[in-house]
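So the structure is just underneath, and the comments pick up after that.
The values are calculated or read from the model by the stated rules, or taken from the named source; none is laboratory data. These figures come from a predicted structure and were not determined experimentally. Cβ coordinates were reconstructed from backbone atoms using ideal geometry, including for glycine residues, and neighbour counts include every protein chain displayed. In case anyone asks, the SASA skips ligands and DNA or RNA and just uses the protein heavy atoms, side chains included. Shrake-Rupley method; radii C 1.70, N 1.55, O 1.52, S 1.80 Å.
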Protein chains: 2
Amino acid sequence: MKASDKAKHRNELICSALRSAILERVLLPGMKLPEDSLGERFGVSRTLIRQALERLAAEGLVELRRNRGAMVAKPSLEEARDVFELRTQIEDLVISRVIKDMTLEKLAELEAHLAKEVEAEHASEPISIRLATEFHILLAKLTGSPVLLRYVEEIGYRCGLTLSLYARPHSSNCGISEHRQIIDALANADEEKARDLMRSHLTAVADRALITQKEAGPLVYLDALEPYARQVRESRD
Amino acid sequence: MKASDKAKHRNELICSALRSAILERVLLPGMKLPEDSLGERFGVSRTLIRQALERLAAEGLVELRRNRGAMVAKPSLEEARDVFELRTQIEDLVISRVIKDMTLEKLAELEAHLAKEVEAEHASEPISIRLATEFHILLAKLTGSPVLLRYVEEIGYRCGLTLSLYARPHSSNCGISEHRQIIDALANADEEKARDLMRSHLTAVADRALITQKEAGPLVYLDALEPYARQVRESRD
DNA sequence: GTATAATCGACTGCATGCAATTTTGCCATC
DNA sequence: GATGGCAAAATTGCATGCAGTCGATTATAC
């Protein structure tokens, strides 16, 4: 309901709705996603839901086990590290491309987005993460390369999920000033500096998130509590 | 029918069958892929075909236009360049990872694969391309990272399609000696050298292929006509 | 009381049918 | 001869139904 709603057809609409729900922590990692219930709630048949789930599985946001249905993916720390490293490599390329063909219009777009980020600085965690991700997606868009855009989007979403799993509260807000610096470097056509900033930005985000797993938010509690919760529930009925 | 056939279920089987058909130029770029005919030929219903087509579309091997069906993708030169550059970035990471945790067993696997490549040195063009791609996939496997494997596979297939479109005959065979050198560098744990070799290997492949578009096969003619066709169209309305 | 086996229920895997949309061939008109 | 509109055929979009599979619960034996 929030993000890119130029998607015309229900197919993609459902897909991005589910994606948003996952990234905004309405659907938590590990939750089951039965086709029937989702279909009922969305008012469509299982066919469309299944399509969406398959696509999200391809993107790595959903885990799909044969004959056992779908659940929101629960990326391991290993996986998280891999995704972040990969992201660094890809965004290296994005920086080179963007800087090779920079215009005033593009700079203005970046500034406009940054303004939105600043405005939402004290908003909820999921919204911060979403805006931060969109900054990187905007950069990818500015390259004009559909290929780069596609992969930055995908990897960005995965990172978003990872952060929502492992990041401690407000660990990603500080990213705004780093985005600021990156824009400045781009404006000065300083490729090396922009790339270095992006690299340290990404590793900083990853470190803030991934190293702090043990002090992670309530999400992990819920998951960890599940066996106990079940015992309590079962002792009642 | 050739490659990884540990896929148990028809779902994935159909998918890899179509993928092989595309990469081996049985299905040529631009060809229509109607669900009915494919379903009939594969002996399954349209449901499964559709699933496979959607997945291949996500991988970039198939183009899927609303209400107009699927066709084998016809990557533009721009796209081809993007994919190859992206590949370079990703395989950089693969090299680092592989070298960080190299074992004798892994080296042996690489050697075994190279032997297969040498053996098939004078085989048909699609087979050469497939084996070359599998070399890179094997490297990704050796990292032990599912994430890296997934993306190297996907990008590798896309490059395969591109090569089958634009490469002149036998332009990719020379890659064998380059693979040889890469293995040696890996054996010596010379990360920098391995990475440089990989980089120049990939750009060499790309150059051999992408620069020679003009002498490419008959398929490209159709594309080359586009500017002229457009002129005619635009002079009309 | 524990371990093992069998039954039950829920959910997915897949096929098919109907509706919607696009394309193609045809005809009338300019 | 070319252009515009119209109708029919082909093809996808989506829903639903039935069968198969997996997991959970219960029953049974030790």
Discussion item. Looking at (1) open to solvent by less than 70 Å² (accessible area, probe 1.4 Å); (2) within 12 Å of DNA strand D (Cβ to nearest atom); (3) more than 14 Å from chain B (Cβ to nearest Cβ), which one does A:Leu23 not meet, given that it meets all the others?
Written reply: (2)
Item to complete: With the checklist (1) within 14 Å of chain A (Cβ to nearest Cβ); (2) modelled with pLDDT under 90 in hand, flag the one item B:Val83 doesn't pass.
Response: (2)
Fill in: Hey, A:Ile176 under 19 Å from the mean Cα position of the chain (by Cα) and within 14 Å of chain B (Cβ to nearest Cβ) or not
no
Worksheet item: Can you spot a residue in the range A:87-104 that is without any contact (Cβ under 8 Å) to a residue 12 or more places away in the chain and either among the acidic types (Asp, Glu) or touching a Gly at 6+ places or on another chain (Cβ under 7 Å) (or both)?
Response: no
Worksheet entry | Any chance B:Gln51 is polar (S, T, N, Q) and either open to solvent by less than 20 Å² (accessible area, probe 1.4 Å) or assigned by TED's automatic domain parsing to the domain that holds B:Ser128 (or both) | no
Worksheet item: Does the range A:94-102 contain any residue that is small (Gly, Ala, Ser) and either outside the structural domain of A:Leu165 (by TED's automatic domain parsing) or within 11 Å of DNA strand C (Cβ to nearest atom) (or both)?
Response: no
Fill in: Matching residues, the range A:169-186, being modelled with pLDDT under 90 and surrounded by fewer than 17 Cβ atoms within 10 Å (Cβ to Cβ)
A:Pro169, A:His170, A:Cys174, A:Ser177
Worksheet item: When both residues are 6+ apart or on different chains and their Cβ atoms are under 6 Å apart, which pairs have a first residue that lies in the range B:46-73 and is touching a residue at least 40 places away in the same chain (Cβ under 8 Å) and away from every other protein chain (no Cβ under 11 Å), and a second that is within 12 Å of DNA strand C (Cβ to nearest atom) and open to solvent by 30 Å² or more (accessible area, probe 1.4 Å)?
Response: B:Met71/B:Lys32
Worksheet item: How many residues does the range A:46-101 hold that are away from DNA strand D (no atom under 16 Å from the Cβ) and more than 19 Å from the chain's Cα centre (by Cα)?
Response: 8
Response to the item:
Residue set A:Leu61, A:Leu86; condition under 19 Å from A:Arg150 (Cβ atoms) and within 16 Å of DNA strand C (Cβ to nearest atom); output residue A:Leu61
Worksheet item: Any residue at all in the range B:179-192 that is of a type outside the set (Gly, Ala, Ser) and closer than 28 Å to B:Gly30 by Cα?
Response: no
Discussion item. Residue under question is B:Val147, and the condition is that it be away from DNA strand C (no atom under 16 Å from the Cβ), in a helix (DSSP H, G or I) and within 28 Å of A:Ala57 (Cβ to Cβ); does it hold?
Written reply: yes
